[in-house]
Amino acid sequence: MSQNIKRVARPVEARTGGVDSQRIDALARAQLQSTPGYYRRAWRKLRRNHVSVAAIVVVILMVLFVLGAGFISEYVTHKSYAANSLADKQASVGENGYILGADANGRDILTRLAYGGRVSLLVALLAAVSTLAIGGTVGSVAGYFGGWVDSVLMRLVDVLLSIPGLSLLILISVLYKPGYKMLALVIAAVSWTGVARLIRGEVLSLRRRDFVEAARVVGASDTRIIWRHIFPNVIPLVIVWASLVVPGLILTEATLSFLGLGVRVPTPSWGNMLEEARQYYRQAWLNVFFPGFMIYITVLAINLVGNGLRDALDPRLND
């Protein structure tokens, strides 16, 4: 800190023509305090990335759309996601009050898109949180303690990585037919190995830092060191990881639901809406387009946000 003050003080002294040292110190401290912190610099850099800002807007609109599913059902379409009218099956856009048309069972597509998006995003977020909880714990313990603990945990990770994740997911879904909440936990159970290795590598580089050694010298417990000193320094990495892994989890849920192994009808999700519409794509191709477009635009937007966060939170790229 004193070296930084001296570096700032030299140009101040040159401009003031040799003013007293107290005033120089005060001016230097004020200039240092006005320097933006790490997260403020990251936010400033993210705001200058217009593509990422546009993607954030798209994500916010998508979240508002799925959270407003009840409002859309009650006040916009006046139809629930399960209400069907066979007389209106395959209704075109705008016909008989169906804003985006109706599916093969006469159900309103707009309402089902909103409720289906809620389910798809909820599964992805629950899976991401569960994956982080499992993988973060294993990676932190392995990286911090090292030795035989690290060897045992990493060999377990290597064994699980050798098992095809999608095949295991399909097997579990066939055997147990989980609901969407249990589906999120099942996805997390086969997806945590990647983040475990990622966090382990970061913790290995942090555990020998001076501030960790100082905490250990003053008698801080291992649990306190991990949660109060190491974990806060892993947060930027976790933020970037989450923004990049959520799109993959959305696609995983859509794939399982499309195969009939994820969210089951009549509960809508973008994946099972695609599966239902594919049989009639020649007669009503828009029924395939709408859920496919929602998956595409959501995954693309979150990926672009993740790229922007990765660049903004990288200290080597911050101004």
At pLDDT 90 or above, assigned by TED's automatic domain parsing to the domain that holds Phe293 and of a type in the set (Gly, Ala, Ser), is that true of Gly68? yes
On the given criteria, is Ile225 in contact with a Lys or Arg (Cβ under 8 Å, 6 or more places away or on another chain) and buried (at least 16 other Cβ atoms within 10 Å of the Cβ)? yes
I'm checking my understanding of the structure. Among residues of region 236-266 that are of a type in the set (Val, Ile, Thr) and at pLDDT below 85, which one is nearest to Lys177 (Cα to Cα)? Val263
Can you tell me which condition Ser167 does not meet? The list is (1) of a type in the set (S, T, N, Q); (2) more than 24 Å from the chain's Cα centre (by Cα); (3) within 23 Å of Gly262 (Cα to Cα), and all the others hold. (2)
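The values are calculated or read from the model by the stated rules, or taken from the named source; none is laboratory data. What you see is a predicted model; the values in this text were computed from it and never measured. Neighbour counts are summed over all protein chains in view; Cβ atoms, including those assigned to glycine, are modelled from backbone coordinates with ideal geometry.
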